[in-house]
């Protein structure tokens, strides 16, 4: 028999993941739920010679069909895969958190409730009758302060106990008479049919009109008649709001329990969060403070990540290259192997690895902001301005995350519950200049703008943001015209992020980058190297090689943008699988060609570009087709190949047009 | 007297009477604790979203949506 399974369910900001980390320690594995881009965190808990699998479900406010996160959580809980469910509740926020609890009880699942962050509740003078809560619900309730590890042993004991007892619960929620009557009616329809979920629960969800459950029912073999009967029911009651009545009955249940067990001070205690917020989301100060924070983030990223650590990394890679070259020569390796190792791998992949420190620092700081609760404030202060472009404040968070990498940026659009906001936010994210593009800019900046690096970089980022906002406005008025949107968001209390969590998140992202450098980018560079040295009759790295032929073929397309050499075209082409490969490919091609002169990549670029073409090249890189990973994510998130192709093409067209405009206008003005 | 959430001022307290928004938005409001009869403290209403506290928990609500939430003021 496999390990017993424990699943964690809870609201966002309830400290669920912190508890997951406390329970599993370093024993974790992060993957994806099948078919969707929702992250699946699994870990192992060892207790008294037994091993348990712990599954961290996505943070959600309710189990329903609103978002992929909710569907994943709902399906998992219903699948009965878990032997017990830990419902993590934020103690300062019991009323709202109990809504999710009521849904879990509605499903009748084996539960253990953890009242987390009781220290914060205490500070706010909120008193909770833990014993009473447990008694009324009939569910074990344990108080804990997960980030300090308090309550860990009690939780484990209760959880193991609950697994042994295999308890299930009767649905405690009282629906109103009318709704109850309809639930029975649906139950009648479904009786004896093969349905994927428990019948009582399914009937409630049908009356509630949960689109996911309805879809599942249609897919399962309940017969045309039953499907039609359900459709008739909804058609007939299209003016009734059973959905809200069901939600309301859950709320009444949650409220009655909170009323009986929670007492709050007559006057809310002013917290540190209130004090900080008075400044941070102030009408006048909010945006300037945001700008300062971002400026510090980028400044620190570049000083520490690039100038200090990046330099060290470059030095080490160069040294390693020399060492390998000597080693290979000493064992009389064939010429091609040396060429491949040095030109292909060291110059190509090395160009990417040099940026690991920079990306590490950037992710550390973005992760810190995220965990501290500041990101929600950023969304809040930007909402007003974003609205002018037809977006909401939360879109801004996705954009900021996109600065690190567009993949999580696009995935974070999932927190937006309406389709229009979500789609537009995803469509514009590729214009957010991601970490992988930084190497490209820094090389060009070193070659042409050594004294104005920060300014050029800042301008590129700003241009990306401006293009994104303009496109948002255009999409809003064309593709998604007339669709409404709304904005509701929780501003969680500020919390000092734990070093462990920040490091863990950073590592997830950075290791992803390193793995990509080792696989996709390695593969791209290898393919490029092979193309560059065949056919044997051609001079390697020359225009006569196969790669040269491809580049020459593409060259006319990029000629109006001023990219005069075939290498430049090929590098853009190589950037579609992975943006890091642009520099990698340029490194390999130019290093190959300039090997005998012994000049570095920067020198090679200085010889092949002008200030003007370097600008148009950087803008092209900024705007053109995002990398394969981003396109893949867009495909998964939109579930549409057509949208994915559309994004690949329109971004390319936009990048090309911008690069051409810069080059042509610049030439006219005499900057050529 | 019935007011709408977007017209309340900082420091005022109110009880939610009814919500006349789309189903999805209404459900979202419910989930965030803004169900009927919940009491709110208005923390901020100048530019941008309205910030209200529900049980000491801060919720930002867009102006458009706030205009669809009918409330009655509670006098201290």
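Structure notes:
- Failed criterion for residue B:24 (all others in (1) assigned to a loop (DSSP other than H, G, I, E, B); (2) modelled with pLDDT under 90 hold): (1)
- From the options A:328, A:337, residue that is over 30 Å from residue A:369 (Cβ atoms), assigned by TED's automatic domain parsing to the domain that holds residue A:443 and surrounded by 15 or more Cβ atoms within 10 Å (Cβ to Cβ): A:328
- Just one of the listed residues (A:370, A:325, A:306) is without any contact (Cβ under 8 Å) to a residue 40 or more places away in the chain and either within 14 Å of another protein chain (Cβ to nearest Cβ) or assigned to a helix (DSSP H, G or I) (or both), and it is A:325.
Residue by residue, here is whether (1) in a helix (DSSP H, G or I); (2) more than 30 Å from residue A:429 (Cβ to Cβ); (3) at pLDDT 85 or above holds:
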| residue | (1), (2), (3) |
| --- | --- |
| A:524 | yes, no, no |
| A:541 | no, yes, no |
| A:557 | yes, no, yes |
| A:564 | no, yes, no |
| A:576 | no, no, yes |
| A:590 | yes, yes, no |
| A:607 | yes, yes, yes |
| A:613 | yes, no, yes |
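- Listed here are the helices (runs of 4 or more DSSP H) enclosed by the stretch A:397-501 that have at least 2 residues being within 14 Å of another protein chain (Cβ to nearest Cβ) and under 19 Å from the mean Cα position of the chain (by Cα): A:419-428.
- Filter pass, residue B:15 being away from every other protein chain (no Cβ under 12 Å), at pLDDT 90 or above and farther than 19 Å from residue A:485 by Cβ: yes
- Listed conditions (1) touching a strand residue (DSSP E or B) at 6+ places or on another chain (Cβ under 7 Å); (2) within 30 Å of residue A:420 (Cβ to Cβ) are all met by residue A:74, apart from (1).
To keep it simple, each residue is scored yes or no on (1) modelled with pLDDT of 95 or more; (2) surrounded by 19 or more Cβ atoms within 10 Å (Cβ to Cβ).
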residue: A:601; (1), (2): no, yes
residue: A:621; (1), (2): yes, yes
residue: A:628; (1), (2): no, no
residue: A:633; (1), (2): no, yes
residue: A:639; (1), (2): no, no
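- Matching residues, the stretch A:190-247, being under 31 Å from the mean Cα position of the chain (by Cα) and either over 23 Å from residue A:75 (Cα atoms) or not in a helix (DSSP H, G or I) (or both): A:196, A:197, A:209, A:210
- Within the stretch B:33-44, being within 22 Å of residue A:12 (Cα to Cα), out of contact with any helix residue (DSSP H, G or I) (no Cβ under 6 Å at 6 or more places or on another chain) and modelled with pLDDT under 85 holds for one residue alone: B:38.
- Filtered residue count, the stretch A:255-268, keeping only those that are more than 9 Å from chain B (Cβ to nearest Cβ), within 30 Å of residue A:185 (Cα to Cα) and in contact (Cβ under 8 Å) with a residue 40 or more places away in the chain: 1
- Just one of the listed residues (B:23, B:27) is out of contact with any strand residue (DSSP E or B) (no Cβ under 8 Å at 6 or more places or on another chain) and loosely packed, with under 13 Cβ neighbours inside 10 Å, and it is B:23.
- Scanning the stretch B:54-64 for residues that are facing chain A (nearest Cβ under 7 Å) and either surrounded by fewer than 19 Cβ atoms within 10 Å (Cβ to Cβ) or closer than 28 Å to residue A:91 by Cβ (or both) yields B:55, B:56, B:57, B:58, B:59, B:60, B:61, B:64.
- Number of the condition not met by residue A:518 [criteria: (1) crowded, with 24+ Cβ neighbours inside 10 Å; (2) under 33 Å from the mean Cα position of the chain (by Cα)]: (1)
- Those strands (runs of 3 or more DSSP E) lying entirely in the stretch A:1-119 with at least 1 residues buried (at least 18 other Cβ atoms within 10 Å of the Cβ), within 14 Å of another protein chain (Cβ to nearest Cβ) and touching a residue at least 60 places away in the same chain (Cβ under 8 Å): A:4-10, A:84-90
- Residues in the stretch A:385-396 that are within 8 Å of chain B (Cβ to nearest Cβ) and either touching a strand residue (DSSP E or B) at 6+ places or on another chain (Cβ under 8 Å) or at pLDDT 90 or above (or both): 1 in all.
- Residue, farthest from residue A:272 (Cα to Cα), within the stretch B:37-53, restricted to residues that are more than 7 Å from chain A (Cβ to nearest Cβ) and assigned to a loop (DSSP other than H, G, I, E, B): B:37
- Qualifying residue in the stretch B:24-31 (condition: at the interface with chain A (Cβ under 7 Å from one of its Cβ atoms) and touching a residue at least 24 places away in the same chain (Cβ under 8 Å)): yes
- The residues listed here are A:489, A:506; of these, the one that is within 20 Å of residue A:358 (Cβ to Cβ) and buried (at least 19 other Cβ atoms within 10 Å of the Cβ) is A:506.
The values are calculated or read from the model by the stated rules, or taken from the named source; none is laboratory data. Please read all numbers here as calculations on a predicted model, not as lab measurements. Cβ atoms come from the backbone with ideal geometry, glycine included; neighbour counts cover every protein chain shown.
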